[in-house]
1. Short version: ³J(HN,Hα) in whole Hz for each residue of the range B:97-102, in order, from phi by Karplus 6.51 cos²θ - 1.76 cosθ + 1.60 (θ = phi - 60°), x for Gly and Pro, what are they?
2. Among DSSP bridges having both ends in the range B:416-499, what percentage is antiparallel? Round to the nearest 5.
3. At 7 Å along Cα-to-Cβ for each site, give me the label-to-label distance between B:D474 and B:E138 in nm.
4. Starting with the highest mean, order A:482-492, B:130-140 by the number of other Cβ atoms within 10 Å, averaged over the residues of each peptide.
5. So the label point sits 7 Å from Cα along the Cα-to-Cβ vector; using that for B:E141, what distances do you get to the other copies, in nanometres, sorted shortest first?
6. Output wanted: per-residue J couplings in Hz (rounded whole) for the range A:363-374, from phi through Karplus 6.51 cos²θ - 1.76 cosθ + 1.60, θ = phi - 60°, x for Gly and Pro.
7. How do B:I209, B:I464 line up, fewest other C-beta atoms within 10 Å first?
8. Using only the Cα atoms of the range B:95-406, what do you get for the radius of gyration and for Dmax, in Å?
Protein chains: 2
Amino acid sequence: MPTSASVLFCCPHLRLTLRLFNAFPFRFRSIRPLCASHASSFTSGDTAVYNSNSLDKGNSIAHKRHGGLEAFSSPTVENVAIDVNPPRGTRDFPPEEMRLRSWLFQNFREVSALFAFEEVDFPVLESEALFIRKAGEEISEQLYNFEDKGGRRVALRPELTPSLARLVIQKGKALPLPVKWFTIGQCWRYERTTRGRRREHYQWNMDIIGVQGVAAEAELIFSIVILFKRLGITSSDVGFKVSSRKVLQAVLQRYSIPEKLFGKVCIIIDKMDKIPKEEIEKELTMLGIPMEAINGLLQILSLKSVPELEEALGSDADAVDDLKDLFLLIEQYGCSNWIQFDASIVRGLAYYTGVVFEGFDRGGKLRAICGGGRYDQLLSKLGGEDLPACGFGFGDAVIFELLKERGLLPELGPKVDYIVLPLDPQLQGAAAMVASTLREKGRSVDLVLENKRLKWVFKHAERINASKLILVGDSEWQRGMVRVKNLCSREESDLPLHELE
Amino acid sequence: MPTSASVLFCCPHLRLTLRLFNAFPFRFRSIRPLCASHASSFTSGDTAVYNSNSLDKGNSIAHKRHGGLEAFSSPTVENVAIDVNPPRGTRDFPPEEMRLRSWLFQNFREVSALFAFEEVDFPVLESEALFIRKAGEEISEQLYNFEDKGGRRVALRPELTPSLARLVIQKGKALPLPVKWFTIGQCWRYERTTRGRRREHYQWNMDIIGVQGVAAEAELIFSIVILFKRLGITSSDVGFKVSSRKVLQAVLQRYSIPEKLFGKVCIIIDKMDKIPKEEIEKELTMLGIPMEAINGLLQILSLKSVPELEEALGSDADAVDDLKDLFLLIEQYGCSNWIQFDASIVRGLAYYTGVVFEGFDRGGKLRAICGGGRYDQLLSKLGGEDLPACGFGFGDAVIFELLKERGLLPELGPKVDYIVLPLDPQLQGAAAMVASTLREKGRSVDLVLENKRLKWVFKHAERINASKLILVGDSEWQRGMVRVKNLCSREESDLPLHELE
C-alpha cells in the first residue's frame, strides 16, 4: 500500500476508496471502484486516471481453462488501484513510440560511428555534488535530487557531461587522448510541468577531450549536420548560431569586471531571449556590473557578423581568432549555409569557456534543437586536472517536434516474416518446430499460441504486417509438409520443412 | 557545493579539504589535494577515491594556444572535489564495457525479433505504489524510493513487469491480444553492498499477455534457449528448473490453509536454498501454518519428477495438467535436455500464479541466470481487470559471470575504416573534406584534429584498429590526390578523391 494519505468514503452498496495523493493536495489523483456498477471515468488534469473500458469485462477471460486460483483473483481491499499513467512529466514507450525512439537512436549511433566515436554510459543516478554549481543555472536549480537510504545526497542526472568528466578524471593517464566518446542517455529535471515540458528526455552527446583547436568544434557541428541530412532536414529548415564565451570575457576584461562573475554573467545573458531587457539589466546590476559595462556588453551581444566583432574587439582578440578559424573550416567542409555568427549565443551551462553553438529551427517556433561548446575548465572544477574539451547535447524532444511539423517522421510499422498457425491444438508442438526451423534461418516468426480461427489469423497478420502464413494441418504434417500462403500475392503451396526459408 | 558535512584542515603550505560524506560516517570518502606536492592516493573500501596519476601534469596541456581564460582555471576553494567513482553499487560503461553491453543487448533484441516481440519501455522512475506489495518480497523491501519535490512517493523501478502491467491496463481494450512485448531496461534495488552485489542491473524481459495455455511459457523458455545457443552456451552449461505455483496451492488447499497466505508462503519457500530448513519451518509456523501442513509441503517440494508429482497430487490436479502439457511441448521443440521438473522452484515474486521457471548454471556456483512465470492476477492487484499473462526477466550480471567463466566473452575491439591525417595545419579543411567524402559512403573515419607526427598516428591507428590511413599532403592535394596506406598489407598509392571508397 502506498504511504500517501487515504480517505475512506462508505455507503451501503457503493464502496469507493478515494485516495488523495500527497503530490497534488486537494486534487483527486486516483480512484478505485470496488463495485463495478458504479464505475466511472475520472480524469485529473492531463491524466486519465482510470480506464473505464477495463471495468466491463470482469474476469471472464482469465482461468477459463486453468482455473483453480479464482479465489485469489476476486478484488479485495488489499488490491491497490494505481495511476495507470506514468509519473507526471514522464513517458511510456509503447511499440509505436519505441520504434520511433529506436530509429532516432540508431541514427545517433550510426552518425557517431561514421565519426569514429565510441559509445559510453554512466549511471542515471549520480552523487548530487557532481551537478551542483553556483552560477544560477536552471539545470542546477531543477535537480531531481534526494537522500538515499544510506544518507547520501544523490540525483538523477540532468545532463551527461559531468559524468563524462568524472570518468575522464578517474581514468587519468590510462586514457589515450584524444578521447572521442558519445552517449545516449536519459536525463531528468524536476520542473513545474505547467509549460508542458517533460521531466525526462533522452540526450545524444558527442564529446572530444584533448583537442585544443576549433577543428574539434567543427567536427562536432559537422556530425550534427550529417544527422540532420539523414533525417531529411535541410539548411533551410535549421541552422547553427555560433559564438564564443571569449567575447563576453573580453568585454568583462575591458570593464575590469572580476573574473569570478563570468559564469553568473553568462547565465543571465543566456536568458535574453526569454525575459525583458530591463530584467537582464537589473540582474546584471545586482551582480555589481556598472551600467557602462552593461551597455557595452549588450552592444557587443547584438553583433551578427565576425567582421563586426573584429572591429569591436580588435583583430588580436582570442574570440576573433577562434571564430575566424572555425568559420573557415566550416566553409571548407561545405557547410557555410548551415551556420551563422550570433554574439548573443552564450548557452545556459556555466562551464563553457570558448566556442558555443546551438541548432535552431528557422521557423522560430521551437526551442533550441541542440547545443554545445568548449568546456576547457570543467575537469578542474570537479577536482581533476584540466584538459581541452568540447561537446554537445542533442535531446529527443525538439527534434521530434520538428520532424513531425515537417512531415518527416518515418512510418515504422511492425514487420514479421511468418505467422505459423497450428490447425489443431494437438499440432502446437509441430507448429513450434516449424517456427523453430524458420527462426534458425533468421526469420521472424509469430507463432499462434492458442486455438484461433483463420479469420482472426488473417486480421492479426495484417496488424503485425506478416509476409507469409504457414498452416500446420494434420494431413500435410503426416507427409512432412506445411501449407505456405504468401499474404501479398495470395499464392500458396505445400512445402516440406527443409525447403522453408 | 554538496550538502554533506565538511571538515576543513589547514596548514601553512598544505591545504586539504577533507570531506566526510554522510553516506559512510567516520570513513573518508573523498579527498581533494589543492597542493600537488602533497598529493597522495586514497582508497576507501573497494573505491579508488583519487587517481594520483592525474595530479602530475598540472594544467600544462590546456590553453597553450587558446589562452585568455587561465585566470578562471586556477584551483580555488570554490572548486569541488567529487568522488571519481560512480555511486556505490553502480557502474560506468567505458568503451570496452559498453561494447560488451551493446553486444548482449543486440542479442536480446535479435532473439526477441525472431519471436516477433515488439520492444517497449517505461520510465525508470515510477510511483512507489506500483511496487509495494505486502508478501515480504526482498524486491519490495529493497526499494530505491524517495519523495520528490512535489511530495510524491516515487521509486526507481526494481523490475519491469509492474510497469508493463500498468501500460496494459492503461491501453485497455485498444490493445489487440495477444500482446508480445520485450523490454531492456535498468532496474534498481537498494541493498547493502556487503555481498558484492550491485544496486543496478539491466534486465531483458519478454512478456505474453492474453494467452492462457502453457504454449506461452514454452515459447518464453525456448526464446531463452535460442539466446543461450547464440552466446555459445549449451545444455551442459545451463538448464531450466520448472514447477508451478499451483503445486503449492494444491497443498495449501489440502490442509485448508487460508488462500490469502499464498503469496507469503511462496516468498518463504523461495528462501529454502538460502536459509536453514528450521528457519523456514519457523517462519511458516509464525504465519499460522500447522506443522502437519508444513511437513506435507516440504515433502511435496522435494519431488523431482512429474510422475512423482502426479502420484502425490492426483492426475486431475491443474498443476499436473500444466506441467505435462509444458514438458510435452518442450520435448516437441527438441529441448528436453535443457529442462527439468523441480517442485522446490517457486521464485521470489509474490504475483506468480502458475508455471514458474528459472535458468541455472549446472556448475552450481552462480545465482539464477533468469527467471519467470505466469502472473494471471497481477493486473487486478493494480486495479485493472485480469488477463492471462506470463513473462521472464533475464539480468545482465549473472550471464556475464557465466560467459567469463566459460571463456565465451567475445573480443570486441574498436574498428575504424580510415584515419585521415592532414600533413600541415593549413590542410585541416582539406582533410575534413576527405573525411566527409568517405563518411558519405558509409565509412567510419577518424579525422586527426591536431598537428600530429606520423609516429603518433601509426600508434593511434593500431589502438583504434584502423584499416587504412590517408595522408593529405600539399603537393598531392594540389593535384586533387591523397596518399592511401593499407595498414595491414602496407601497400600504398595515390588516389583522387572520387576514387576513395
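What follows draws every value from the coordinates through simple rules; no lab data is involved. All values derive from a computational prediction rather than experimental measurement. Quick reminder, even Gly has a Cβ in these numbers, built from the backbone with ideal geometry, and neighbours come from all protein chains shown.
1. For the range B:97-102, the Karplus-derived couplings read 6, 5, 4, 5, 4, 5 Hz, x marking Gly and Pro.
2. Working: 9 of 18 bridges.
The antiparallel fraction comes to roughly 50 percent.
3. The modelled label-to-label distance comes out at 6.9 nm.
4. Details: A:482-492: 14.1, B:130-140: 18.7.
Ranked from most to least packed, the peptides come out as B:130-140, A:482-492.
5. So the distances to the same position in the other copies read 4.3 nm.
6. x, x, 8, 9, 5, 4, 7, 7, x, x, x, 8
7. On the way: B:I209 21, B:I464 17.
Fewest-to-most Cβ neighbours within 10 Å comes out as B:I464, B:I209.
8. Cα-based Rg and Dmax for the range B:95-406 come out at 19.1, 58 Å.
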